[in-house]
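Here's a structure for you.
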Amino acid sequence: MPMKLDVREIERKPAIDLYQLVCELFPINRSQTGSGVRKTLSIIARHIDLEINEVRTGTSVFDWHVPMEWNIRHGSISTVGGKCLVDFASNNLHVLGYSRPVQGVFTRAELARHIHTLPDQPDLIPYRTGYYADDWGFCLPHNLWQTMNDDVYHVEIDSDISAGSLTFGECFVPGETPNEVLLSTHVCHPSLANDNLSGIAVMTALAMRQARQKRRLGYRFLFLPATIGAITWLARNEPVLANIKYGLVLTCLGDGGQFHYKQSRKAATIDRAVAHVLRHSSLRHEILPFAPYGYDERQFCSPAFDLPVGCLMRGVHGAFPEYHTSADNLDFVKPEALDQSYSVIETVLDLLDADCTYERVDGRCEPQLGRRDLYRTIAGQREAGGATQMDLLWLLNLADGDHSLLDMAVRADIPFARLESAARIALDAGLVHARSE
Amino acid sequence: MPMKLDVREIERKPAIDLYQLVCELFPINRSQTGSGVRKTLSIIARHIDLEINEVRTGTSVFDWHVPMEWNIRHGSISTVGGKCLVDFASNNLHVLGYSRPVQGVFTRAELARHIHTLPDQPDLIPYRTGYYADDWGFCLPHNLWQTMNDDVYHVEIDSDISAGSLTFGECFVPGETPNEVLLSTHVCHPSLANDNLSGIAVMTALAMRQARQKRRLGYRFLFLPATIGAITWLARNEPVLANIKYGLVLTCLGDGGQFHYKQSRKAATIDRAVAHVLRHSSLRHEILPFAPYGYDERQFCSPAFDLPVGCLMRGVHGAFPEYHTSADNLDFVKPEALDQSYSVIETVLDLLDADCTYERVDGRCEPQLGRRDLYRTIAGQREAGGATQMDLLWLLNLADGDHSLLDMAVRADIPFARLESAARIALDAGLVHARSE
Amino acid sequence: MPMKLDVREIERKPAIDLYQLVCELFPINRSQTGSGVRKTLSIIARHIDLEINEVRTGTSVFDWHVPMEWNIRHGSISTVGGKCLVDFASNNLHVLGYSRPVQGVFTRAELARHIHTLPDQPDLIPYRTGYYADDWGFCLPHNLWQTMNDDVYHVEIDSDISAGSLTFGECFVPGETPNEVLLSTHVCHPSLANDNLSGIAVMTALAMRQARQKRRLGYRFLFLPATIGAITWLARNEPVLANIKYGLVLTCLGDGGQFHYKQSRKAATIDRAVAHVLRHSSLRHEILPFAPYGYDERQFCSPAFDLPVGCLMRGVHGAFPEYHTSADNLDFVKPEALDQSYSVIETVLDLLDADCTYERVDGRCEPQLGRRDLYRTIAGQREAGGATQMDLLWLLNLADGDHSLLDMAVRADIPFARLESAARIALDAGLVHARSE
């Protein structure tokens, strides 16, 4: 029996240049709401079938309301002589997110109350927001601020905070069953490359791939402003939630550091799947327990939903020095790190899609492999990803209708894809049948 | 919102001087029965509302009978010349417990059969009893015995073993619910300070405190002669047992050694509670598995009862050199060790009393903390024992009606009192409600 | 109360000389089928009441058929000058198992395709079979083959493969209950001493012993050709399987290496029993998880049966250098290793037979041991295997009708036999009763 080539053994490469997409999205000023998110989603929509949703300011979403929309055209600090020292146009991190408009001349002391710097990283611009704060402010390198010793400065922020809408994107690829995988990434940060253009780019490529092929599960890709976007989506999609069997929040996937997988609130299959894939990769990684702080898994795992949603990242929020600073730029993100992250997640999704339960047609004793030419064929001679005879024996022994392929792979400590190959061999030989759920 | 002062954050100090109570009780000769126990209980009763029970000799209690009452007035060994060498009046350990009366002149060889010494600790008097043995005897330092080389000695024990009663004390502080905490300590040892005047003193102060305040649980404090006292109490109180949700046997709490907590027979909440409190203290401690040897947990955890009763001690029976010798005296027990033990147990009791289950009023997504002024208030600025923002997030995430506060504290690895503060904040904000059992 | 002598404390010695039996069986040429198996079983039948079964060639057994019977009278390679170089008569490993008859002169190159050697162990003859292969071949030392440089050789194998039957032996010792222990060993290997005359000899002695005494459980001893024999037995005995509560496959028990116990597919009592016995022995051992490769546990643990059958061995298949070579001979197997293996398994069987559940007659508090003379008698003074007072306290505490003796022994970490002694003491004192299943 010739070994069929397994699509899963094809090198997993994203269909687009991830780094290039990060570069394209980098200059845009994003926030919870506003034109930057719309522009970002319109670029993503060139690659995937993205439904763009607008939810009006003031709409009630659980305990929250959709906020006013913020847009900004200009922000600067200049000397009274007219020399521009700090300019939103040169880096959108310079203006505190959700700053209200302001124009005028302020003493240094007055201005100081609106200045955010990082004394310990004096050359970097911090990223700060004033959501729900009715404030304005500037973020600048501490070293620059130290040199600004004039008595007064001219300040101008040309922004508006007004009724509008919150924008988010959703791409749903239906599967053969109603069961779904939820993937979510945040789109509300301005020019920060790892956090979270990396997540956006990787998720775009994942959505492209899932749309291209027939799949057992449905795949729901959400591009959301963090917190309020997730809350808004959940408030509008409660009937869908029962279908979500697995989920991942994706973020910070472009730095070169080790992988971190944060488990879902409850012990869920997604946790075992990601841990299994990372364990059988050569990649350094760490598994973190659930904690109610981080990204939108906070909302997906809130007690009334308790969805099986974990979070995959490389750098962990707050734990890498570039986090929420101007150093999280296009130099910090590496093309090969993006591709590697893509590959890991594609492997996880393929695993979930293929994770069936098999049952021996007759489970009494081993079948006679020799007369099916399955004894010699596979003993010792395995192509990459193909099944060894031992893999086939595991499959035939654990195909009891209770063990899923992932259960088998974990118990046998064998990469999932090899058990999957073994399952196909056994299926073709009529030794097992898939058990429908 | 101003942080309410938490009674639990008040320094936990016993209402009486524990060491002074130990000193007061030290000279009394106690045994399973007799006037010493009565005198001890009458001193305790000055501090707490103690019901003193007398159960008549011969009363059937399960497989046992209440024994004869033993009282002793005098015991000595003298030379025939009248020089007193060993005198009960100078140390009540000198006479074997339950010695029957004897008077006469004995050869050294005859006497030797009634002499107990510790050759390895030759300066110490051992503590020995002859319960149910119909014997008499003396305990003395091995070095003294070695110098006693006369041919004959005059021996006198003026005691009586006669029908009377077994005496025990009980103090019940009712709570708002029928659920109870059982606390038990043994009162049958003569002048041994750590074993068990330390337990008696600490438990007296705990009873004083519980009586002073309104509590959810009832608290039942038992001052019992070991073994027969516990058996007698159990035989007379079977209907009460179903209410006992947690229990602790307290003993040897005055030495300066590390804490030892011996778990109950079944995995019980009390075990998790004590382990949690010790873990989040700075105190050295060790958790020991249940074994059917030790103190009255043997009876409480007998198979037909299997009550959730553990045992908290510092020095472990038989494992410290002063154990059951005259070196377990007022020098061996330290005032600060007594106070520290009190504080640990009070913390455990407060935890048990506060260990409610909470449920989010609406568990869908996180509530908006900002508009309740709960975001800034608590971030990073925590008073001793107050909740951090992270504590509040844990509380809000795990308030699913299934996790008790202790469950949350163990999962989040956060001191219980901080989650309790978080629960009060959330309760005050109308975000959670307590779930009645 | 005098301590009764426990049969389990009698030195566990096999009733026959195990090594002598191995020697007697060694010269016989065994295979899956044929006269060698019959001769082997007839020798075993001198010691035990062995039912010898013949199942006709072609009989359908699950996915398999009983194969043709193979018998061989002669096999040799000679020079054309008539000098015999390789002779079946000198070592039956020389002929590939199931070789079809052949006679003629072959060029060295033609012959080479039928020659099996071990280049890394050049002085040893490998053991190889060609089941289901329609082939013939010779196995010889690599060094010998290297010296065979003639152009042609005369080859002769006088064998026949023809309709006949598969032979296996079964000895069933009924017990007082329908519950059974299955013991199985393979009988299909020619002159290999450890693999598996050691298993055959040990199992024969075990069957002798079980037949000699009254037992609670039934004991079923199977002497089977590997794989096809186990499949055949299972196919003919499905109604029996529900009675099998414990099982062991026995093999490779004569080498001096450490014990290896491979767990059953499911977590079963047999696994805990063997681990307990090995843990409380002084023997080096290792516990291996189940894997679907090895001996006939593969069939017993196939998914539709999933019997609680583990495998006890010393050397592990494929992991010792003598494995499946002519070095697995009478020098490799040690008399004392055989006896030690026997002793371990007898201890396990005694444990299983004695593993009852006890319940206190009255489980409220401890019973008064003193008045039953059980307090002084046993404290500190224990004969080998007798119960200490602590053992008795464990027994009395855990005799709740739920803990089996093995459960108790594992929890208390006390050798099973001591708890068993404690149980007898408690039974005799009327403190517990055995709970029927």
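The values are calculated or read from the model by the stated rules, or taken from the named source; none is laboratory data. Every value quoted in this text rests on a predicted model; they were computed, and no experiment measured them. Ideal geometry is used to build each Cβ from the backbone, glycine not excepted, and the neighbour counts take in all protein chains shown. Just so you know, the surface numbers come from the protein's heavy atoms only, side chains and all, with ligands and any DNA or RNA stripped out. Shrake-Rupley method; radii C 1.70, N 1.55, O 1.52, S 1.80 Å.
Can you tally the net charge around B:Gln121? Count Lys and Arg as +1, Asp and Glu as -1, for every other residue whose Cβ sits under 13 Å from the Cβ of B:Gln121. Before the final figure, lay out each step's value.
On the way: positive: none; negative: B:Asp120, B:Asp123, B:Glu322, B:Asp328.
So the surrounding residues net to -4.
Measure off, as a whole percent, the carbon and sulfur share of the 1.4 Å-probe accessible area of segment C:118-203, all protein chains present.
Carbon and sulfur: 48 percent of the exposed surface of segment C:118-203.
Continuing with this model, one more query. Please list, ordered by chain and number, the residues whose modelled amide H lies under 5 Å from the amide H of B:Phe138; skip anything fewer than 5 residues away on the same chain.
Distant-sequence amide H within range of B:Phe138: B:Leu96, B:Ile115, B:His116.
Show me, for segment B:256-268, the HN-Hα J-couplings you get by feeding each phi into the Karplus relation (A = 6.51, B = -1.76, C = 1.60, θ = phi - 60°), rounded to Hz, glycine and proline as x.
x, x, 5, 6, 10, 10, 9, 5, 6, 4, 9, 5, 10
Something else about it: Express in nm, to one decimal, how much length is gained between B:Arg279 and B:Cys84 on full extension, taking 0.36 nm for each residue of separation and deducting their alpha carbon distance. Working shown, then result.
Values: separation 195, 0.36 × 195 = 70.20 nm, distance 5.27 nm.
The B:Arg279-B:Cys84 span can extend by a further 64.9 nm.
Next question. Specify the angular offset, from 0 to 90 degrees and rounded to the nearest 10, of the alpha carbon long axis of helix A:335-354 from the longest principal axis of the alpha carbons in chain A.
Computed tilt is about 40 degrees.
Rounded to the nearest 20 Debye, what is the dipole magnitude of the protein assembly as shown about its Cα centre when Lys and Arg each give +1 and Asp and Glu each give -1 at the C-beta? Walk me through the numbers before you get to the answer.
On the way: 126 positive and 162 negative charges, 202 e Å.
In debye, rounded to 20, the protein assembly as shown gives about 960.
Give the calculated FRET efficiency between B:Ser42 and A:Thr147 to the nearest 0.05, with a Förster radius of 51 Å applied to their Cβ-Cβ distance. Write out the running numbers ahead of the final one.
Values: r = 81 Å, r/R0 = 1.60.
Between B:Ser42 and A:Thr147 the formula returns 0.05.
Here's something else I'd like to know. Compute the label-point distances linking B:Ser42 to its equivalents in the other copies; points lie 7 Å from Cα along Cα→Cβ; give nm, one decimal, shortest first.
Label-point separations across copies, in nm and ascending: 9.6, 9.6.
What total accessible surface area, summed over both chains, is buried at the interface between chains A and B, computed with a 1.4 Å probe and given in Å² to the nearest 100?
Details: alone 18480 and 18480 Å², together 35150 Å².
Counting both chains, the buried surface is close to 1800 Å².
Starting from the Cα gyration tensor of segment A:357-434, take the square roots of the eigenvalues, sort them a ≥ b ≥ c, and report rounded, prolate or oblate (rounded when a/c is under 1.5, otherwise prolate if a/b is larger than b/c, else oblate).
Numbers: a/c = 1.78, a/b = 1.06, b/c = 1.69.
Oblate, since a/c reaches 1.5 and b/c is not below a/b.
Do you know the relative contact order of segment C:271-388, to the nearest whole percent, from alpha carbon pairs under 8 angstrom that are 6+ apart?
Relative CO of segment C:271-388 lands at 20 percent.
Something else now. If you average the sequence gap of Cα pairs under 8 Å that are 6 or more apart and divide by the length of segment C:71-162, what percent do you get for the contact order?
Working: 197 pairs, mean separation 39.7, N = 92.
That works out to 43 percent.
Next question. Around C:Pro308, with a cut-off of 9 angstrom between Cβ atoms, what is the net charge of the other residues, counting Lys and Arg +1 and Asp and Glu -1? Before the final figure, lay out the partial values.
Details: positive: C:Lys245, C:Arg265, C:Lys266; negative: C:Asp271, C:Asp306.
Net charge around C:Pro308: +1.
Run down the lysines and flag those whose C-alpha is under 20 Å from the C-alpha of A:Lys266, throwing out any fewer than 8 positions away in its chain.
Of all the lysines, those that pass the test against A:Lys266 - Cα under 20 Å, at least 8 places apart if same chain - are A:Lys245.
So which residue of B has the beta-carbon closest to the axis that swings B onto A, and how many whole Å away?
B:Ala267, 11
Which whole-number percent is the relative contact order of chain B (Cα, under 8 Å, 6+ apart)?
So the answer I get is 17 percent.
Which residues, if any, in segment B:350-377 have at least 40 Å² less accessible area in the whole protein complex than in the isolated chain, probe 1.4 Å?
Listed in order, they are B:Gly363, B:Arg364, B:Cys365, B:Glu366, B:Gln368.
So the label point goes 7 Å from the Cα of B:Arg73 along Cα→C-beta, right? Which residues of segment B:139-163 then have their backbone N under 13 Å from it?
Only B:157-161 fall inside the zone, counting backbone N under 13 Å.
Taking beta carbons within 10 Å but only from partner chains, what does the mean come to for residues B:54-66?
2
By its C-alpha gyration tensor, with a ≥ b ≥ c as the square roots of the eigenvalues, how is segment B:71-162 shaped: rounded for a/c under 1.5, else prolate for a/b larger than b/c, else oblate? Numbers along the way, then the final one.
Numbers: a/c = 1.58, a/b = 1.16, b/c = 1.36.
Since a/c reaches 1.5 but b/c is at least a/b, the shape of segment B:71-162 is classed as oblate.
Given labels modelled 7 Å from the Cα in the Cβ direction, how far is it in nm from C:Ser60 to B:Arg216?
Between C:Ser60 and B:Arg216, the label points sit 6.7 nm apart.
Accessible area per residue of chain B at 1.4 Å probe, in Å²? Mind showing how you got there, number by number?
Working: 16670 Å² over 437 residues.
Per-residue accessible area for chain B comes out at 38 Å².
How far is helix B:35-44 tilted off the main Cα axis of chain B, in degrees rounded to 10, range 0 to 90?
It works out to around 30 degrees.
Would you please classify the overall shape of the protein assembly as shown from the alpha carbon gyration tensor, given that a ≥ b ≥ c denote the square roots of the eigenvalues, rounded means a/c under 1.5, and beyond that prolate means a/b larger than b/c while oblate covers the rest? Can you show the working numbers first?
On the way: a/c = 2.51, a/b = 1.00, b/c = 2.51.
Taking the square roots of the gyration eigenvalues as a ≥ b ≥ c, the protein assembly as shown is oblate.
What number comes out for the charge environment of A:Arg73, summing +1 per Lys or Arg and -1 per Asp or Glu over other residues with Cβ under 13 Å away? Write down the numbers at each step before the final one.
Numbers: positive: none; negative: A:Asp87, A:Glu156, A:Asp158, A:Asp160.
Its environment carries a net charge of -4.
Length gain on complete extension for the stretch B:Ile52 to B:Lys334, per 0.36 nm per residue less the alpha carbon to alpha carbon distance?
Numbers: separation 282, 0.36 × 282 = 101.52 nm, distance 2.89 nm.
Separation in residues times 0.36 nm, less the Cα-Cα distance, equals 98.6 nm.
Here's something else I'd like to know. I'd like the projected area of chain A, averaged over all directions, using the convex hull of its alpha carbons. Report it in nm² with one decimal.
If you wrap the Cα atoms of chain A in a convex hull and average its projections, you get 21.9 nm².
Can you list residues from other chains, or at least 5 along the same chain, whose modelled amide H is less than 5 Å from the amide H of A:Thr33?
The answer is A:Trp70.
Quick one: angle between helix A:416-428 and the longest Cα principal axis of chain A, in degrees between 0 and 90, rounded to 10, please.
Rounded to the nearest ten degrees, it is 40.
Give me, ordered by chain and number, the residues 5 or more places off A:Cys365 or on other chains with an amide H under 5 Å from its own placed amide H.
Under 5 Å from the amide H of A:Cys365 lie the amide H atoms of C:Ser302, C:Ala304, C:Phe305, each far enough along the sequence or on another chain.
Keeping the other protein chains in place, figure out the carbon and sulfur percent of the accessible area of segment A:357-434, with a 1.4 Å probe.
Working: 1370 of 2920 Å².
Answer for segment A:357-434 is 47 percent, counting heavy atoms of protein chains only.
Before rounding to the nearest 500, sum -39500 (n - 2.57) across all DSSP H runs of length at least 4 in the protein assembly as shown and divide by the residue total; then give [θ] at 222 nm in deg cm²/dmol. Kindly include the intermediate steps, with their values, before the conclusion.
Working: 36 runs with 354 residues, N = 1311.
Counting only the DSSP helices, I get -8000 deg cm²/dmol.
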